[in-house]
Amino acid sequence: MGERSNPFWRSPALVGIASLAIAFAAVEILIHIGAINRYIVPLPSQVLLASPRIIAEEDVLGRFLTTAGEAAAVGLLLAAIAIPLGVFLYRAQIICAAVESWVGALAAAPLVLIYPLFLVIFGRNALTIIAIGFAAGLAPVVLKTLEGLRATRPVLINMGRSFKLSRAQQFWKILLPSALPSIFTGMRLGLIFGLINVVGVEFLINFGGLGQLINDLAERYDLPAMYATIGFVILVSVLFFAGLERLERWLRPVQ
Amino acid sequence: MSVPAIAGKETQAPLPAGTRPLLLVEGLGKSFETPEGVVIAVDGVSFAVAKGELVSLIGPSGCGKSTVFNIIGGLTPASQGRVMVDGEAVSGPHAAIGMVFQEESTLPWRTVLDNVAFPLEIQGMRRSERLEIAMHFVKLVGLDGFERRYPSELSGGMRQRVSIARALGFRPKMLLMDEPFASLDEQTRLLLGDKVLQIQQELGQTILLITHNITEAVQLSDRILVMSYRPGRIMRVVEIALPRPRTSEIVSSDAFGRYVAEIWGDLREEASRGMRHDEIHALRDARA
């Protein structure tokens with residue numbers, strides 16, 4: 001019997017879950033035999049058992065919603081500001097030539113280090129967290145939007161011109177759909193950078209959602225609960241990725 | 001089949017007396033500024049195309065065929081001369097001209113039907129009406145059954161047929177095609193040639209075909225304008241007196257072979273000149 005008749009190997013989701021289970025089992029064994037220090041890395045089984053406890057005692061679902069809300073605000077700001085900024089730079093070639101390398105440098109800058117400045121400007125609240133998340137995600141979205149628009153095949157633009165498309169029609173009917181895959185890559189990168197910074201700043205300023213809880217649990221040295229909370233951070237990321245993927249498929253069914 | 005006489009060496013393309021040209025090109029010239037100085041790509045190109053005619057412009061690579069295509073289509077301004085379509089001067093893209101490009105130009109995120117309906121959507125036509133018209137042209141190019149497919153699900157030849165249907169859906173008075181089958185294999189090219197002949201016959205469509213393929217030009221054309229290598233000039237006009245309606249079976253006739261040989265006789269020296277020019281440039285670039 002070949003692979004064709006085996007549904008397990010034909011389902012990427014099942015293969016993914018099985019890989020995760022194997023990795024957890026391997027860590028469990030390595031901790032049991034003493035190859036990994038159990039005071040630094042808790043047993044995966046303890047982490048799983050800690051999940052109901054943090055739901056009941058630590059309001060992890062409320063904190064999950066706080067962090068997810070902040071990440072959603074970052075995503076909306078990136079879509080509303082960073083994508084148009086990329087379009088503006090595509091149109092304004094002189095300004096683009098002047099600032100593109102700066103935007104590239106911004107992508108590599110550890111913006112989280114200037115969180116005190118944001119604290120002074122916005123105060124110790126969710127606004128600071130969202131602002132830092134947005135600043136961290138800005139550069140990849142701008143750069144990938146620019147890249148996608150530039151990569152539009154000239155023949156498509158000429159085809160549009162031959163049908164006498166207006167400038168606005170050229171943008172909405174050709175440039176934007178053509179650049180969508182690259183823009184979505186930028187949004188994914190922007191959300192990764194944004195979420196890392198959201199959770200990082202929650203941790204640093206001890207305010208808000210999952211980052212603050214991770215800070216609390218780390219200080220209490222409740223490692224199983226801390227790792228279980230990190231699992232919820234990953235869940236936020238997974239949900240945003242899945243949502244973006246659905247949105248992209250709806251906007252452009254075929255790549 | 002009798003072998004018809006081949007036209008003489010006139011460099012203009014006169015239309016029969018009293019025929020009003022649909023396309024009139026007069027003294028067309030185009031020069032480009034390059035680091036090595038001014039390059040004259042096209043010089044003094046004049047010709048006319050009558051309604052319902054299929055005329056090919058043939059020449060070696062680098063002779064300025066695509067430049068002429070872009071100028072007639074209104075995508076590039078001419079340095080000298082003028083282009084008139086249906087009595088109107090062309091100063092930009094014109095509703096009377098439907099363009100089919102050498103490169104694949106379907107929109108990958110739209111289905112075949114939505115691609116063909118694209119220019120009608122731009123004109124603001126109602127969805128039901130534009131889809132009905134688009135479907136008519138999808139059928140005309142033989143793609144019915146594929147209307148809900150995306151371009152990535154089609155072969156190169158099918159995608160070019162989508163481009164032709166889209167240009168026809170725009171209801172142009174003249175179809176301007178730039179080497180539309182250049183990337184296809186010979187057999188597909190011959191069969192698509194049949195499709196172009198069938199469409200031309202059914203619609204009485206005026207077509208100006210830009211090509212470097214002698215076989216394709218003879219198979220399809222009423223007249224062939226032979227261009228020289230840079231600067232591109234029309235050095236000869238060949239009337240193709242092969243019978244119509246025509247199919248690709250014509251390629252096995254003696255008359256077809258004579259036309260191909262005659263045109264190649266004219267083009268050989270020009271193509272060699274182009275090749276030598278490219279070799280000199282490649283050597284110079286390698287030394288630099």
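The values are calculated or read from the model by the stated rules, or taken from the named source; none is laboratory data. Everything numeric here is computed off the predicted structure, so don't read it as measured data. Heads up, the Cβs are rebuilt from the backbone with ideal geometry, glycines too, and the neighbour counts pull from every protein chain shown.
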Task: Pair list, Cβ under 6 Å, 6 or more apart: segment A:9-34 residue farther than 17 Å from residue A:224 by Cβ, other residue not acidic (Asp, Glu) - done: A:14/A:8
- [ ] May I ask you to list the residues in segment A:74-105 that are in contact (Cβ under 8 Å) with a residue 60 or more places away in the chain and either within 21 Å of the chain's Cα centre (by Cα) or over 21 Å from residue A:191 (Cβ atoms) (or both)?
- [x] A:74, A:75, A:78, A:79, A:82, A:83, A:85, A:86, A:90
- [ ] Tell me which residues, restricted to segment A:158-171, are more than 10 Å from every other protein chain (Cβ to nearest Cβ) and among the hydrophobic types (A, V, I, L, M, F, W, C).
- [x] A:168, A:171
Open item on the list: For segment B:70-101, give me the residue count where each residue is facing another protein chain (nearest Cβ under 8 Å) and in contact (Cβ under 8 Å) with a residue 40 or more places away in the chain.
Closed with: 6
TODO: May I ask you to verify whether residue B:261 is at pLDDT below 95 and surrounded by fewer than 14 Cβ atoms within 10 Å (Cβ to Cβ)?
DONE: yes
TODO: Look at segment B:32-56 and say how many of its residues are touching a Lys or Arg at 6+ places or on another chain (Cβ under 6 Å) and within 15 Å of residue B:217 (Cβ to Cβ).
DONE: 1
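Does residue A:84 satisfy the criteria of being surrounded by fewer than 14 Cβ atoms within 10 Å (Cβ to Cβ) and modelled with pLDDT of 95 or more? Even if it seems obvious, please write down each step before you answer.
On the way: surrounded by fewer than 14 Cβ atoms within 10 Å (Cβ to Cβ): yes; modelled with pLDDT of 95 or more: yes.
Yes, satisfied.
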TODO: State the number of residues belonging to segment A:96-149 that are basic (Lys, Arg) and surrounded by 14 or more Cβ atoms within 10 Å (Cβ to Cβ).
DONE: 1
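Go through segment A:106-217 and tell me which helices (runs of 4 or more DSSP H), entirely inside it, have 3 or more residues that are in contact (Cβ under 8 Å) with a residue 40 or more places away in the chain and among the small types (Gly, Ala, Ser).
On the way: elements: A:115-122, A:126-150, A:154-162, A:176-205.
In segment A:106-217, A:126-150, A:176-205 are the helices (runs of 4 or more DSSP H) which contain 3 or more residues that are in contact (Cβ under 8 Å) with a residue 40 or more places away in the chain and among the small types (Gly, Ala, Ser).
Do we find that residue B:285 is among the acidic types (Asp, Glu) and at pLDDT below 90 in this structure? First the steps, then the outcome.
Details: among the acidic types (Asp, Glu): yes; at pLDDT below 90: yes.
Here the answer is yes, as residue B:285 does meet what is asked.
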TODO: Considering every residue within segment B:132-149, establish whether at least one is in contact with a strand residue (DSSP E or B) (Cβ under 7 Å, 6 or more places away or on another chain) and either among the basic types (Lys, Arg) or within 11 Å of another protein chain (Cβ to nearest Cβ) (or both).
DONE: no
Open item on the list: Among the residues that make up segment A:201-224, is at least one of them among the hydroxyl-bearing types (Ser, Thr, Tyr) and buried (at least 19 other Cβ atoms within 10 Å of the Cβ)?
Closed with: no
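If you take the residues of segment A:136-157 that are under 18 Å from residue A:102 (Cα atoms) and among the small types (Gly, Ala, Ser), which of them is farthest from the other protein chains (Cβ to nearest Cβ)? Outline the logic, then answer.
We begin by selecting, within segment A:136-157, every residue under 18 Å from residue A:102 (Cα atoms); these are A:136-147.
Still in the running and among the small types (Gly, Ala, Ser): A:136-137, A:139.
Details: A:136: 30, A:137: 25, A:139: 27 Å.
In this case the residue turns out to be A:136.
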Open item on the list: Go through segment A:210-255 and report how many residues are of a type in the set (Asp, Glu) and within 14 Å of another protein chain (Cβ to nearest Cβ).
Closed with: 1
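Would you mention how many residues in segment A:232-255 are in a helix (DSSP H, G or I) and either surrounded by 16 or more Cβ atoms within 10 Å (Cβ to Cβ) or among the hydrophobic types (A, V, I, L, M, F, W, C) (or both)? Walk me through it before giving the result.
Pass one, segment A:232-255, residues in a helix (DSSP H, G or I): A:232-251.
Those still in the list that are either surrounded by 16 or more Cβ atoms within 10 Å (Cβ to Cβ) or among the hydrophobic types (A, V, I, L, M, F, W, C) (or both) too: A:232-242, A:244, A:247-248, A:250-251.
Number of matching residues: 16.
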Task: Unique residue being surrounded by 19 or more Cβ atoms within 10 Å (Cβ to Cβ), within 9 Å of chain A (Cβ to nearest Cβ) and not basic (Lys, Arg) when the list is B:67, B:111 - done: B:111
- [ ] Take segment B:164-199 and flag every residue that is over 25 Å from residue B:67 (Cβ atoms) and in contact with a strand residue (DSSP E or B) (Cβ under 9 Å, 6 or more places away or on another chain).
- [x] B:169, B:171, B:197, B:199
Open item on the list: If I ask for residues that are out of contact with any Ser or Thr (no Cβ under 6 Å at 6 or more places or on another chain) and either hydroxyl-bearing (Ser, Thr, Tyr) or more than 13 Å from every other protein chain (Cβ to nearest Cβ) (or both), which ones from segment A:172-183 would you list?
Closed with: A:182
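Yes/no per residue for (1) surrounded by fewer than 21 Cβ atoms within 10 Å (Cβ to Cβ); (2) closer than 29 Å to residue B:163 by Cα; (3) not small (Gly, Ala, Ser):
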site	(1), (2), (3)
B:198	yes, yes, yes
B:212	yes, yes, yes
B:221	no, yes, no
B:251	yes, yes, yes
B:254	yes, no, yes
B:283	yes, no, yes
